[in-house]
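*Asks:* Provided herewith is a single structure, encoded as structure tokens, for subsequent inquiry.
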Protein chains: 2
Amino acid sequence: MDLNRIKSPADIRTMSIDELYELSAQLRKSLLEKLAAHGGHIGPNLGFVEPTVALHYVFNTPEDKIVYDVSHQTYIHKMLTGRMEAFTDPAHYDDVSGFTDPAESPYDLFTIGHTSTSLSLAGGLVKARDLKGGKENIVAVIGDGSLSGGQALEGLDFGATLGSNFVVVVNDNDMSIAENHGGIYDNLRELRQTNGTAPCNLFKAMGWDYRYVAYGNDLRALINAFESVKNIDHPVVVHIATQKGCGYAPAEANREEFHFGAPFDLPTGQPLNISEAPGYDDIFLAETMEMIKADKNVAVITAGTPGVLGYTPDMRKLAGDQFVDVGISEQEAMGFASGMAKAGGRPIFGVVSSFLQRAYDQMEQDVAVNNTPVVVNIFYGSILGMNDVTHLGWFDIAMVANIPGWVYLAPTCEEEYKSMLAWAVKQTQYPVAVRVPGGSVVSSGREFPDDYSDLNKFELVEQGNQVAVIAAGTMFGIGQAAVNVLSHMGVSAALINPRYLSGIDTAILDELAAKGVKAVATLEDGVVEGGFGEKIAAYYAEKGDVKVKCYGAPKELRDRYDRAALLKECRLQPDLIAADLVAMSPANK
Amino acid sequence: MDLNRIKSPADIRTMSIDELYELSAQLRKSLLEKLAAHGGHIGPNLGFVEPTVALHYVFNTPEDKIVYDVSHQTYIHKMLTGRMEAFTDPAHYDDVSGFTDPAESPYDLFTIGHTSTSLSLAGGLVKARDLKGGKENIVAVIGDGSLSGGQALEGLDFGATLGSNFVVVVNDNDMSIAENHGGIYDNLRELRQTNGTAPCNLFKAMGWDYRYVAYGNDLRALINAFESVKNIDHPVVVHIATQKGCGYAPAEANREEFHFGAPFDLPTGQPLNISEAPGYDDIFLAETMEMIKADKNVAVITAGTPGVLGYTPDMRKLAGDQFVDVGISEQEAMGFASGMAKAGGRPIFGVVSSFLQRAYDQMEQDVAVNNTPVVVNIFYGSILGMNDVTHLGWFDIAMVANIPGWVYLAPTCEEEYKSMLAWAVKQTQYPVAVRVPGGSVVSSGREFPDDYSDLNKFELVEQGNQVAVIAAGTMFGIGQAAVNVLSHMGVSAALINPRYLSGIDTAILDELAAKGVKAVATLEDGVVEGGFGEKIAAYYAEKGDVKVKCYGAPKELRDRYDRAALLKECRLQPDLIAADLVAMSPANK
């Protein structure tokens, strides 16, 4: 069978069941070859080969609409919907994103990268269809790991009441990225063990009709199940038990490791580039493991992404009940941390910048209003971080720094990160967020204070009396280089490490102005609008004697951008910053 | 029985059951008298008299800890924990807040005003206790209406796995603020109808042990149930069926109307001040009902607060399937709206400013990333709005205006609000949020455009060439008055209605500077930091020829503040703004 002749799902709807089995085998083989050479989401896609084939075989896509939760399991979907080359021809491997994208195909309804959203989105499609009088099937595909997210549970609760055609495929592989955590997983297990017949049933309890498919990687069973619910007139859950990593022994055996991975050796499953430089996750792990040992009230919390924090299964085991994975549920993580802190615990919640967005309200209500000394470590909050449009780490400064009560710290290097993290956990006066720097680890060899309780005191690193560079966090190195360029140009430039993103040091700003500084550059590793620099610009703008230019990312959503190109576009380069400051200075007016 | 002799729960633990019955009757009587004279949350408190008495009778508070969800049902709790006077003596009615508050009493664990947080917070207390080796009971009290919130469902899911003493009292009165919406409510009903014996059980499906109390306003039954779970060694749900408004016939009969109310006539239940001036909610209702009639694809969406939108039960009936109450679940509302908009529907989600915080991530991921033309109307986003610390409407500008892709409009009066709302629903190019003005309705008699698609074009309302006032939304009237004051002082002041909060009109800003304007005031009805004014300050700060002062609320959490006093403190007064601008002008340097 020549996979490249499959241009759309119509091409598989004429196949016999035997041909579909062969198709599935070939899809898996090609997929594995790409994954081994290119990396990507491995386990989720290997486990969803047959369900994808069956969905497109049974449902009349794209008129019938499929919404994939997280959408990192849509590689086979892409292969069947006009994008086969991106999986069979190495020259085209990068033609497609790792998620659904309407710009790529009409079969992709939404750009999705966060978990737990499919039921809400599909519910809206159901409603719009019903108001219009349409008849198409609306299908949402959601993994068991995504079910713990509040939005998914809200979507299950409300979706059940829509009263018309709405098919939810629950892809149950008994795993989140790591193992599942939460009471609902006992129920899913019971349903698997009873072939779907257990009377206590989460989905029924939330108002859904229910079907169970024991062999969720068997085409015949899947086709039968999907045909039985096609054109159904009410909401129904089709619970399918699948094997994460199905068809590839190493991925079946090591499901967490093979959730997402870099290129690997196909015969053995060994990663091809094993010597990775230590990252800030390793530092977080080492520092927090020490804290855990020293104080039984310390607990490290993750919402389903222990690997981001450096916590491997072995380390989790070592941390014992002082490591808490609440599952994919950031709201719970933040509220839980607040409760712990209230009762004398020392919670350290490690979270990816763009996932923290889920806990915005909890940061204000559960934490700030109650002034509970929660510690948050924000990973990938950087232009240098993840560059998928659904995972941008650009927005957390504008988010966290503008919530009253939170102290938001931006370390510039390994040494400062350790100092700030240690203080954050030791103190019990404030909720503190620490922004883990982006890019590779910077070791400055500098010494840093062990106390940051005198809030918003900037560090004057280099004196200067004509211009100043205030460079926060990851951007400190660029700021330092800009000051060097200026120095070579004969311009006296002050260099400031602001340390705090959540407030400004008006004394130091006044001092700069008094010394004669006429132009200031603020550098931050995030969006300018609503960010840190604008606080400084607003402060100086009222007096009018110092010009300020704020450097950072544009208020835009960019997908798979080139990091270096974006930095240049934002003029986040030492020479450009130096030139701007000189141009802004009075002598050059 | 003299209620005022009850100083703490210890005083009721020595009472006989008969005395407790009498106590409950007297508590209800005093509470009703205060509610009739003072207003407040009526139904939730009347229905929770006996459970509160039983909780404090059985559990050893404050060593045992009770966390109340939303905490608007804690009036009886306050009466029993040292704050009786605030309910029996009219002179002290305002001594306490309407929510729990640790500053008032050690029996109040957290300041809580948003729904669905109790399980997270209590879960954290459980964890901290277990790490410490404590033995106290941790109790969370949550109403059925709060269960639809994602954070509550996340909390149920994860809380079940904590494996130690954790008692959740589900206060099931078959109501949210309005009627319940969601599939879980069918299950709660089935549990009520089967005396808790139905095998399909939401709580068991989420991993909890389970008890049922059919008569949740009966002291004996409650005491027995609570005693049976006191010191239990694992998580357990005690599901109690209560009567909202219990013991007061008008509140039992009209449960939505009596959820929260102004003072009323005790014998009849009639509200004492029925002639209320029409508000923006009435305008929203009238305008959207017309849209609903004109286009079957329009739907108004609420997340459990239809009354905020002006949608009474009658109006909801009239709107039929074009009015959607998703229950308390803002994430679902936003994702659902995005799905609808994607499929050609015209969703209009009306939401309270501080509750929208729950949907921050969805505004970015589900909506902005997909550029779905969702319409949001944000109510109470104002310093003049709700003044409880848990319900501040100060933060939505910094939140919404800094998410790429969203158009955020700030109408200044009734006429402009109607124009902007109409455009938002008619167009399909952008997600649009409209900020419903705060305070009483302003009718300007002015005419406004019917098209706002040329983004970020400010309106120059009055010409001026020395200073300028850029006054957004609710603050336009103060800005206009400031310009009048300046005019009387002989200062030529421009007046600008920016209309957009999400972007700036650099052409008009340049024009002002070119004309000779040297000082600009920006006025906004929210926090300055991260807000609209700082965008203008940053723009001018780079050039340095125009001074800018940003007026708005401080980055603080204030509780029950005096609105006029806060405006004055923020210098949001015409005379103060005029004086500042004069002082900032070069002649006065």
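The values are calculated or read from the model by the stated rules, or taken from the named source; none is laboratory data. All of these numbers come straight from a predicted model, not from anything done at the bench. Cβ sites come from the backbone with ideal geometry, for glycine too, and all protein chains shown count toward neighbours. Only protein heavy atoms, including side chains, enter the accessible area calculation; ligands, DNA and RNA are left aside. Shrake-Rupley method; radii C 1.70, N 1.55, O 1.52, S 1.80 Å.
*Asks:* List the distances, in nm and shortest first, from the label point of B:LYS317 to the matching label points in every other copy, placing each point 7 Å from Cα along the Cα-to-Cβ direction.
*Replies:* 6.4
*Asks:* Work through the residues other than A:SER382 whose Cβ is under 12 Å from its Cβ and net out their charges, Lys, Arg +1 and Asp, Glu -1.
*Replies:* Counting the neighbours of A:SER382, the net charge comes to -1.
*Asks:* Counting Lys and Arg as +1 and Asp and Glu as -1, what is the net charge of the other residues whose Cβ lies under 15 Å from the Cβ of B:GLN193?
*Replies:* -3
*Asks:* Give me the lysines in straight-line cross-link reach of A:LYS7: C-alpha distance below 16 Å, same-chain residues under 8 apart excluded.
*Replies:* Answer for A:LYS7, where 16 Å is the Cα cut-off: A:LYS78, listed by chain and number.
*Asks:* Could you tell me which of A:MET475, A:LEU509, A:ILE496 has its Cα farthest along the dipole of region A:452-512 towards the positive end, charges placed at Cβ (Lys, Arg +1; Asp, Glu -1), taken about the Cα centre?
*Replies:* Working it through, the farthest residue towards the positive pole turns out to be A:MET475.
*Asks:* To the nearest whole number, what is the average tally of beta carbon atoms from other chains within 10 Å of the beta carbons of peptide A:370-377?
*Replies:* Rounded to a whole number, the mean comes out at 2.
*Asks:* Find out how many positive minus negative residues lie around B:GLU33, taking Lys and Arg as positive, Asp and Glu as negative, among other residues whose Cβ is under 13 Å from that of B:GLU33.
*Replies:* +1
*Asks:* Now a separate question. Name the shape class, rounded, prolate or oblate, that the alpha-carbon gyration tensor gives for region A:280-404, where a ≥ b ≥ c are the square roots of its eigenvalues, rounded holds for a/c under 1.5, and otherwise prolate holds if a/b is larger than b/c and oblate otherwise.
*Replies:* Oblate shape, in that a/c is at least 1.5 and b/c is the bigger or equal ratio.
*Asks:* Next question, about the same structure. On a 0 to 90° scale, report how tilted helix B:330-342 is relative to the longest principal axis of chain B, with both axes built from alpha carbons and the result rounded to the nearest 10.
*Replies:* 50 degrees
*Asks:* Mind checking the angle between helix B:476-488 and chain B's longest principal axis? C-alpha axes, 0 to 90 degrees, to the nearest 10.
*Replies:* Around 40 degrees separate the two axes.
*Asks:* Separate question: I need the shape label for region A:102-179. Rule: rounded when a/c is under 1.5, else prolate if a/b > b/c, else oblate, with a, b, c from the alpha carbon gyration tensor.
*Replies:* Cα axes put region A:102-179 in the oblate bin.
*Asks:* Mind checking which aspartates and glutamates have their C-alpha under 19 Å from B:LYS418, skipping anything on the same chain fewer than 8 residues away?
*Replies:* Counting by Cα, and skipping residues close in sequence, B:LYS418 has these aspartates and glutamates nearby: B:ASP281, B:ASP282, B:GLU287, B:GLU290, B:ASP295, B:GLU447, B:ASP450, B:ASP451, B:ASP454, B:GLU459.
*Asks:* So, with +1 on the Cβ of K and R and -1 on the Cβ of D and E, and no other charges, what is the size of the charge dipole of region B:319-466 about its Cα centre, to the nearest 20 debye?
*Replies:* With Lys and Arg at +1 and Asp and Glu at -1, about 120 debye.
*Asks:* For the rotation bringing A onto B, which A residue has its Cβ nearest the axis, and at how many Å?
*Replies:* A:GLY150, 1
*Asks:* A further question on this structure: Which order do the peptides B:248-255, A:74-81, B:75-82 come out in when sorted by mean C-beta neighbours inside 10 angstrom, highest first?
*Replies:* Highest to lowest by the protection proxy: A:74-81, B:75-82, B:248-255.
*Asks:* Please list, in chain and number order, the residues 5+ apart from A:ALA140 or on another chain whose amide H is under 5 Å from its amide H, with Hs placed from the backbone.
*Replies:* A:VAL67, A:VAL167, A:VAL168, A:VAL169
*Asks:* How many angstrom lie between the Cα centre of region A:389-434 and the Cα centre of region B:305-347?
*Replies:* 37 Å
*Asks:* Okay, moving on. Pop out the carbon and sulfur fraction of the accessible area of chain B as a percent, whole number, probe 1.4 Å.
*Replies:* Whole-percent figure for carbon plus sulfur exposure: 49.
*Asks:* Another one. Normalising by the residue count of region B:456-521, find the relative contact order in percent from Cα pairs under 8 Å and 6+ residues apart.
*Replies:* About 50 percent, as a whole number.
*Asks:* Please list the non-local residues whose amide H lies under 5 Å from the amide H of B:GLY464, H modeled 1.01 Å from N, same-chain partners needing a gap of 5 or more.
*Replies:* B:ALA494
*Asks:* Label-to-label distances across copies for A:ALA277, with labels 7 Å out along Cα→Cβ, in nm, shortest first?
*Replies:* For A:ALA277, the inter-copy label distances come out at 6.5 nm.
*Asks:* Could I ask something else about it? Which whole number gives the average, over all residues in A:352-365, of C-beta atoms from other chains lying within 10 Å of the residue C-beta?
*Replies:* Mean number of neighbouring Cβ atoms from other chains: 6.
*Asks:* Using a label point 7 angstrom from Cα along Cα-to-C-beta, what distances in nm, from shortest up, separate B:PRO554 from the other copies?
*Replies:* Copy-to-copy label distances at B:PRO554, shortest first: 3.8 nm.
*Asks:* Is there a quick way to get the dipole size of region B:457-578? I mean about its Cα centre, with the Cβ of Lys and Arg at +1 and of Asp and Glu at -1; what is the value in debye to the nearest 20?
*Replies:* About 120 debye.
*Asks:* Between B:ASP454 and B:ASP94, take the C-beta separation as r, use R0 = 30 Å, and let me know the FRET efficiency to the nearest 0.05.
*Replies:* With a Förster radius of 30 Å, E is 0.05.
*Asks:* For chain B, what is the accessible area per residue in Å² when the probe is 1.4 Å?
*Replies:* 32 Å²
*Asks:* How far apart, in nm, are the 7 Å Cα→Cβ label points at A:ALA221 and A:MET1?
*Replies:* Placing both labels 7 Å along Cα→Cβ, they lie 2.0 nm apart.
*Asks:* Express the relative contact order of region B:221-339 as a whole percentage, based on alpha carbon pairs under 8 Å and six or more residues apart in sequence.
*Replies:* Computed over region B:221-339, the figure is 15 percent.
*Asks:* Which value at 222 nm does chain A reach when only helices count, each DSSP H run of 4 or more adding -39,500 (n - 2.57), with the total divided by all residues and rounded to the nearest 500 deg cm²/dmol?
*Replies:* When only DSSP H runs of four or more count, the value is -10500 deg cm²/dmol.
*Asks:* Per residue of A:201-210, how many C-beta atoms from partner chains lie within 10 Å of its own C-beta, taken as a mean?
*Replies:* 6
*Asks:* By the gyration tensor of its Cα atoms, with a ≥ b ≥ c the square roots of the eigenvalues, what is the shape of region A:396-448: rounded for a/c under 1.5, prolate for a/b over b/c, or oblate?
*Replies:* Because a/c hits 1.5 or more and a/b fails to exceed b/c, region A:396-448 counts as oblate.
*Asks:* Which whole-number percent is the relative contact order of chain B (Cα, under 8 Å, 6+ apart)?
*Replies:* 10 percent
*Asks:* Also, quick follow-up: What aspartates and glutamates does B:LYS230 reach when the alpha-carbon gap must be under 16 Å and sequence neighbours fewer than 8 apart in one chain are set aside?
*Replies:* Partners within reach: B:GLU63, B:ASP64, B:GLU136, B:ASP209.
*Asks:* Still on this structure: Could you tell me how many degrees, from 0 to 90 and to the nearest 10, lie between the Cα long axis of helix A:506-515 and the main elongation axis, the longest principal axis, of the Cα atoms of chain A?
*Replies:* The angle comes out near 50 degrees.
*Asks:* Would you mind giving the total buried accessible surface between chains A and B, with a 1.4 Å probe and ligands, DNA and RNA left out, rounded to the nearest 100 Å²?
*Replies:* 8700 Å²
*Asks:* Ok, one more. Using +1 at the C-beta of Lys and Arg and -1 at the C-beta of Asp and Glu, which of A:ILE17, A:LEU222, B:ALA337 has the Cα lying farthest in the positive direction of the dipole of the protein assembly as shown?
*Replies:* Of the options given, the answer is B:ALA337.
*Asks:* In debye, nearest 20, what is the charge dipole magnitude of region B:154-227 about its Cα centre with +1 on Lys and Arg Cβ and -1 on Asp and Glu Cβ, if you could check?
*Replies:* Dipole about the Cα centre, nearest 20: 200 debye.
*Asks:* Another question, if that's okay. Which links in B:LYS132/B:LYS204; A:LYS549/B:LYS457; A:LYS65/A:LYS132; A:LYS457/A:LYS535 stretch past 26 Å when you go from one Cα to the other?
*Replies:* B:LYS132/B:LYS204
*Asks:* Sticking with this one: Give a quick list of trypsin sites (Lys or Arg not before Pro) in region A:114-178 that DSSP marks as loop, anything other than H, G, I, E or B, with at most 13 other Cβ atoms within 10 Å.
*Replies:* Filter output for region A:114-178: A:LYS135.
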